[in-house]
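Let me begin by presenting the structure, written as structure tokens, before commenting on it.
The values are calculated or read from the model by the stated rules, or taken from the named source; none is laboratory data. Fair warning: this is a prediction, and the values are worked out from it, not measured in the lab. Every residue, glycine among them, receives a Cβ derived from its backbone with ideal geometry; neighbour counts consider all protein chains shown. These area figures cover heavy atoms from the full protein model, side chains too; ligands, DNA and RNA do not enter into them. Shrake-Rupley method; radii C 1.70, N 1.55, O 1.52, S 1.80 Å.
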Amino acid sequence: MFPSETSCWFIRKVIWWRAAASIAWSVLLLPPTTAVFVFVSKFSFLHPIQTISECLSLLMSSCLIFSFILLGGVVTMVGFLNLEYYTVIPTIACSKIALLGQLLHPRQVINSFAHCLMGVIVGWCCAVTVGSRYETLGCPCKSSDGVPQMGLNEYHLVFLLAGAFVGFSHSLLGVIHNINYVSFTAVQQYKYLHFKGSLPLVLKCSAIQAFYSIRNFTVAYFFLGYIPKTWICKTLNLHLDSSVHRLDSITGFVDLSLLYHLWISATFLLFTWYTTLLLFRIFVTEVYSFPVQPTFTEDSRQCLPRVLTDQQPMILKFLALQDLALLSKHSPSRRSEVFSLSQPGGHPHNWNAVSRECLALLADLTQRLVAYHETVATNGRAKSLSSGSERKTSSDTSFSSGTEDLMSPRPTFLTKTPTSVFARSFAGGPHSPLTAPFTPDLDSPFSSPTLRRLTGPVDQCSPWHGSVQSPHIMRRAPKLWSTSAESQVSSSPPRSPASVPSPKQEPTKPSFLAQFLQNRKEQVKNFMAKRVLIMYLFNKLPEASSQALFADSQAHIWALEALSYLVQASFTEDQFGVVQTTLPSILSSMLHLQEAVDRHFKLPHASSKPVRSANSMEDFTYKTLRFALRATLKTAIYRITTTFGSHLNAVQMSAEHRKRLQQFLEFKE
């Protein structure tokens, strides 16, 4: 699954053992959990002494021991499914149709079937444990002629079907609520204290979800209960006892004893599964300490600078970034290894690797924010920007050529942005050409006519040829994040696209087939837009796009904390000045990211906080990551400015970044 040698080592020696430990503890917790379930299911206020004796005798019976074995197998299977389906980056559906696609994915179908089967097994164990009328599927009955025959025990069948329904509901809710998402806690705790503090929430969520699941199952069985009942009777050659009330009727489900036993059985099922999930989360997210420098050459693949560059599995990268953040904050001895020089040669390989990876993460997020803002701003049409929104950025003059290697784009980036956003060089000079972000393909038959008029070549006979002084034309310059180097150096207003010389191109007329396909595409879109159901499925969910954009921001938060704490510690601990060589890159990267984050929070739904539900095992951390990132980013910049103070005035950066940094120095941001 993981071709990397480092990944194979980490999965084999760390993740698998942690998952095995969580499964072992879940199995060890089964006997006390089952004992509580037996006591609750058989407790009677009128005969308490008799209830205790019956419970003790039942716990020692061979039937319950066999149920223990089955439940242990189910818990083990749940643990393996947690290991297979867990993720540290949640999958966020931005529309109803995307969520439906996740539910119908083949992997999810297999997962749902497995949970249904395990729910049936747990339902059988609960029916046998409760005993009495729920114990067996078949029971003796008499026909209308008085002939004894084997009849169907509908109470036992209801237990089996309820277990399958609860398991299926649990699987679907796991996709909708991202139950398999594993988050990292901000406050480190011992495993026992973490489990003890979360146990009441697990019990509460299990009881509430079991109540709603049994309610939904009752409604479903009332309308569709005859289908499985008839199939079971024909398959097993069982008969229906006409003298017993049917349970798929109003009088049948008024039985409060049946509803109570179904509810506590569903609570027991969900509690065991949620306990297994909780233990898996606790064990997998435990802090792992990577060595900064290898003791032996063959151990170099396990060192922190090497592990940080691995992209798969993501749990490895997240644990490495977590260790780096904790190292930079709490461990002076390990920080000294980061600042050390290689022998022989005297090169800061450790610092270069750490800073390069952290800066690449920040650049990746900045690129995504720029591309998202470009998409929102254009919305499929030509941009018409006001002069007030065309603020000058430090895209072209903030980094020296010596730090370009640290910010070089990585092949793992999935989002493409204009190169002028991150190409920083002082050698460009004032005559570097204007770079228009996301230049459209004018030769495409699908390009907008408005874009052709705005960005196409201007006829010399046109009154718009030459220098255009109208501010209304200047506002139409398609510049959102980048400005020309000439305007930054000379502080002159940027030229309009009409004044930029462009080579003459022969306009290519789109073919008849391309025009025909484009017209048919527009007709289909207009037809679908008038259908309410189609629009309901395809409309974007509120906040979903913003949440998906920051889904992996926990890694960026750790990168910001690590860089800021290491830079802060370098003021007194960096004997060789290795951090000072990349300080301009770090400050410019943080300030550029801050500008992108501030622009994003001005968009609709970006600043609205989701309401947290206390009745679900859903981890809401990923829904608030953008707020945590914004706070961490501002704190990281303040951490550097309060440490270096006026010394930062000697750092080489653009005028716009220097102005913004001055606001942090004066505590005005």
Of the residues 184, 211, only one is modelled with pLDDT of 90 or more, closer than 24 Å to residue 103 by Cβ and not in a strand (DSSP E or B); which? 211
Test set (1) surrounded by fewer than 20 Cβ atoms within 10 Å (Cβ to Cβ); (2) free of Cβ contacts under 8 Å to residues at least 60 places away in the same chain - residue 208 fails condition number: (2)
Only one of (1) touching a residue at least 12 places away in the same chain (Cβ under 8 Å); (2) assigned to a helix (DSSP H, G or I); (3) within 30 Å of residue 352 (Cα to Cα) is not met by residue 572, so which one is it? (1)
Report, ordered by the first and then the second residue, all pairs with beta carbons closer than 7 Å, sequence separation of six or more or different chains, a first member in the range 26-43 that is over 14 Å from residue 269 (Cα atoms) and assigned to a helix (DSSP H, G or I), and a second member that is at pLDDT below 95 and not β-branched (Val, Ile, Thr). 39/55; 42/54; 42/55
Does residue 88 fit the bill of being β-branched (Val, Ile, Thr), open to solvent by less than 40 Å² (accessible area, probe 1.4 Å) and either under 30 Å from residue 153 (Cβ atoms) or under 26 Å from the mean Cα position of the chain (by Cα) (or both)? yes
For the range 302-316, enumerate the residues that are open to solvent by 20 Å² or more (accessible area, probe 1.4 Å) and out of contact with any helix residue (DSSP H, G or I) (no Cβ under 8 Å at 6 or more places or on another chain). 314
State yes or no: is residue 567 buried (at least 22 other Cβ atoms within 10 Å of the Cβ), hydrophobic (A, V, I, L, M, F, W, C) and assigned to a helix (DSSP H, G or I)? yes
Residue satisfying condition, being open to solvent by less than 20 Å² (accessible area, probe 1.4 Å) and outside the structural domain of residue 553 (by the TED database), within set 187, 120, 202: 202
Can residue 608 be described as in contact (Cβ under 8 Å) with a residue 24 or more places away in the chain, loosely packed, with under 14 Cβ neighbours inside 10 Å and outside the structural domain of residue 171 (by the TED database)? yes
Conditions (1) surrounded by fewer than 16 Cβ atoms within 10 Å (Cβ to Cβ); (2) charged (D, E, K, R); (3) part of a loop (DSSP other than H, G, I, E, B); number of the one not met by residue 299: (3)
